[in-house]
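Written out below as structure tokens is the structure these notes cover.
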Amino acid sequence: MDEKANLAEQKPDLAYPTRQQRDLGVNEASVRQRPGPLSARLRAGDRAAAVELVDEYHEQIYLFMRRLGHDRHVSEDLTQDVFFSAWHHIGQLKDDKALKSWLYRIASNVSRLYWRRHKHKEVAGIELIDMPDSSETGPEKAGRREQLEQVIDAVTRLPTKLKETIVLHYVQQLTIAEAAEVAGIREGTFKSRLNRALRTLKKTVP
């Protein structure tokens with residue numbers, strides 16, 4: 001079952017748009033035209049705003065979980081947990097500018113809690129980093145693919161905190177400020193941790 005549909009069935013308050021809009025009697029256009037900041041509508045308990053939140057960030061959070069080393073099934077479950085937790089703690093959200101990093105921080109905490117509870121579970125490979133488009137063909141493209149696979153493998157084997165810095169900044173493309181907020185550390189500390197992760201990768205990848 002698709003994880004979004006599963007999310008809809010388990011938690012009506014955070015249903016995926018097609019199910020939620022039917023329940024609420026709203027259509028996609030009316031959702032998009034809702035006035036006011038998303039964060040304010042979420043804090044007010046607007047269920048249509050919850051639909052928007054899931055629709056906009058579901059794929060990002062799922063990929064984030066995959067890139068932190070969770071397998072597909074676990075990533076689906078943890079992604080649902082993130083949105084359930086977000087809705088439950090929606091009063092902590094300050095404004096729209098903080099929405100993205102706030103949601104990623106919840107995701108980071110959900111991931112860390114899972115690893116603490118499953119210390120001996122094997123880390124899954126990072127399968128969802130695509131090969132950049134290139135005009136290279138034949139041996140050149142094969143060489144690039146091999147190099148990328150080596151980098152992915154090296155990132156997978158990094159300690160949790162270092163891996164998270166790489167994934168947040170270079171893969172999920174959060175700014176240094178956003179990523180530092182997600183990690184719960186100062187920007188300078190995040191930069192130092194990021195540099196340490198890069199140095200480790202350089203030693204590992206030929």
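The values are calculated or read from the model by the stated rules, or taken from the named source; none is laboratory data. Nothing here was measured: the structure is a model prediction, and the numbers come from that model. Here Cβ is always computed from backbone atoms with ideal geometry, including for glycine, and neighbour counts include all displayed protein chains.
Give me a count of the residues in region 181-193 that are modelled with pLDDT of 95 or more and either of a type in the set (G, A, S) or in a helix (DSSP H, G or I) (or both).
Number of matching residues: 7.
Which of the residues belonging to region 187-197 are free of Cβ contacts under 8 Å to residues at least 12 places away in the same chain and not hydroxyl-bearing (S, T, Y)?
E187, G188, N195
Evaluate region 99-115: report whether one residue or more is surrounded by fewer than 18 Cβ atoms within 10 Å (Cβ to Cβ), assigned to a loop (DSSP other than H, G, I, E, B) and outside the structural domain of E181 (by TED's automatic domain parsing).
No: zero hits.
A quick yes/no check of all residues on (1) buried (at least 16 other Cβ atoms within 10 Å of the Cβ); (2) modelled with pLDDT of 85 or more:
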position	(1), (2)
P37	no, no
A44	no, yes
V54	yes, yes
E76	yes, yes
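Test S85 against the criterion of being within 22 Å of T175 (Cα to Cα) and part of a helix (DSSP H, G or I), and give yes or no.
No: the conditions fail for S85.
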